[in-house]
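Shown next, in structure tokens, is the structure this report addresses.
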Amino acid sequence: MKTILNVIWLVLSGFWLFLAYVAAGLLLCITIIGIPFGLAAFRIGVYALWPFGYTTVERRDAGAPSFLVNVLWLILAGWWLAIGHIVTGIALCVTIIGIPFGIANFKLIPVSLFPLGREIVPTDQPFATR
């Protein structure tokens, strides 16, 4: 079932959101300081490409530095990506078939706003630490 949902997601919104994350990641990787932000964008982009079967959990070892870096992320790229999720989610919720995918888009908004200090894990092991 996860595969079917992921294929439908890929066609409806996943591919375009993935391209937005890759574009943000490439722009952020232009400077040395932006490379960690760019890598985070690539990591979340893959999650936005194929989200069903995965979830995000907070890392226990993330502290104040991750909060400060998340504030920078929010200013540099987070709010643009969140707007993409909002617009795509609203567009998908217009149709009855798209409502579950629109809700999935809305669930990705917090991750797009504050990605650092979170880890993407399979849903069958949400408490796994790596």
Under 7 Å by Cβ, and 6 or more places apart or on different chains, what pairs join a residue from region 1-24 that is under 19 Å from residue 83 (Cα atoms) with one that is modelled with pLDDT under 85 and not aromatic (Phe, Trp, Tyr)? 24/77
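Return yes or no: is residue 92 of a type in the set (A, V, I, L, M, F, W, C) and modelled with pLDDT under 90? Walk me through it before giving the result.
Working: of a type in the set (A, V, I, L, M, F, W, C): yes; modelled with pLDDT under 90: no.
For residue 92, the condition - of a type in the set (A, V, I, L, M, F, W, C) and modelled with pLDDT under 90 - is not met.
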Quickly run through region 68-84 and pick out the residues that are more than 11 Å from residue 114 (Cβ to Cβ), modelled with pLDDT under 85 and open to solvent by less than 90 Å² (accessible area, probe 1.4 Å). 77
Against the definition (under 26 Å from residue 27 (Cα atoms), touching a helix residue (DSSP H, G or I) at 6+ places or on another chain (Cβ under 7 Å) and either open to solvent by 70 Å² or more (accessible area, probe 1.4 Å) or without any contact (Cβ under 8 Å) to a residue 60 or more places away in the chain (or both)), how does residue 65 come out, yes or no? no
Do we find a residue being open to solvent by 50 Å² or more (accessible area, probe 1.4 Å), without any contact (Cβ under 8 Å) to a residue 12 or more places away in the chain and farther than 13 Å from residue 118 by Cα anywhere in region 51-62? no
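Of the residues 46, 11, which is open to solvent by 70 Å² or more (accessible area, probe 1.4 Å), over 18 Å from residue 71 (Cα atoms) and in contact with a strand residue (DSSP E or B) (Cβ under 9 Å, 6 or more places away or on another chain)?
Numbers: 11 fails: in contact with a strand residue (DSSP E or B) (Cβ under 9 Å, 6 or more places away or on another chain).
Matching residue, one of 46, 11: 46.
Give the number of residues within region 99-123 that are among the charged types (D, E, K, R) and touching a residue at least 40 places away in the same chain (Cβ under 8 Å).
So the count comes out to 2.
The values are calculated or read from the model by the stated rules, or taken from the named source; none is laboratory data. Quantities reported herein were computed from a predicted structural model and do not represent experimental measurements. In this analysis, Cβ positions are derived from the backbone assuming ideal geometry, glycine residues included, and neighbour counts consider all displayed protein chains. Just the protein is used for accessible areas: all its heavy atoms, side chains included, with ligands, DNA and RNA removed. Shrake-Rupley method; radii C 1.70, N 1.55, O 1.52, S 1.80 Å.
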